[in-house]
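Trainee: Got a structure for you, questions after.
What follows is calculated from the coordinates using simple rules that are stated; it is not laboratory data. Keep in mind the model is a prediction, meaning the values are calculated, not measured. Neighbour counts are summed over all protein chains in view; Cβ atoms, including those assigned to glycine, are modelled from backbone coordinates with ideal geometry.
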C-alpha cells in the first residue's frame, strides 16, 4: 500500500528497510490512524525514521509523495462524470430530503443558485436568510437552520484537508548533510546565549547609579548589581 512512500524515502536518503514498511502497514491495519493525513504523517515518521537527523529528509520525501497522491486524486475526479456523482448523492437521500430539495426546484436548481450566490457575495456573512455564511436560515452555510440547505465548511465535515505540517521544514537544521558555515554558527550561538544576572551584587552599575543620583537631586547614590553570566 505504501510502497510509493517507501521508494521515495529511499531516494531521499532516509535509511528505511522492509521491516519499517511492514510495521507501518500493521499500524494502519489496526486502525491507529484513519482518514487523517496529519496523524498518518506523525505515525509514519515515528515508525520509519530512527534518527532525528533524517527528519527533514522525511518531510521532503513525504511532501513529494503526498503531492503525487493529490495530483492522482484530481486526475481521477476529472474522469468521473458529474452525472455519476449526482446519482450516487441522490441514493444517500431519504424520501423526505428528496422532497425538500424538490421544493426548491430540484438539485440542479439548488446548485445553480448556490453558484450564483457565491459569485455575488464578496465577504464573510453571519446570520440572515440569503447570503452564504454562519448561523442564519439561508439554504447555504454552516451552523444555521434551513431544512432544505447545503452545509458549507463547518466542523464535522469528512472532507477537511490535512494541515501540511511537513511543508514547514521545522527540522532542516537537524540534517547531518547540512554544511556548517558562519551563518549556522551565529544562529547556534544566538540560541545558546541566555544571559542572566545571578549571584552576589558586586558589579558597579553605572546606569543605575546615574539614575538614582539624579532621582536624589544630585546626592551620590551608588548602585551595584550581580554580574551577567550565560545561564545555559
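Trainee: In nm, to one decimal, how far is the modelled label at residue 42 from the one at residue 64, with both set 7 Å along Cα→Cβ?
Mentor: 2.6 nm
Trainee: Mind ranking 43-53, 215-225, 102-112 by how tightly packed they are, going by the mean number of other C-beta atoms within 10 angstrom, highest first?
Mentor: 43-53, 102-112, 215-225
Trainee: Here's a follow-up. Hey, rough spin-label estimate for residue 185 and residue 215, points 7 angstrom out along Cα→Cβ, what's it come to in nanometres?
Mentor: For the pair residue 185/residue 215, the computed spacing is 4.3 nm.
Trainee: Once the piece of chain linking residue 91 and residue 172 is laid out straight, how much longer is it, given 0.36 nm per residue of separation minus the C-alpha distance between them?
Mentor: Roughly 24.3 nm would be gained on extension.
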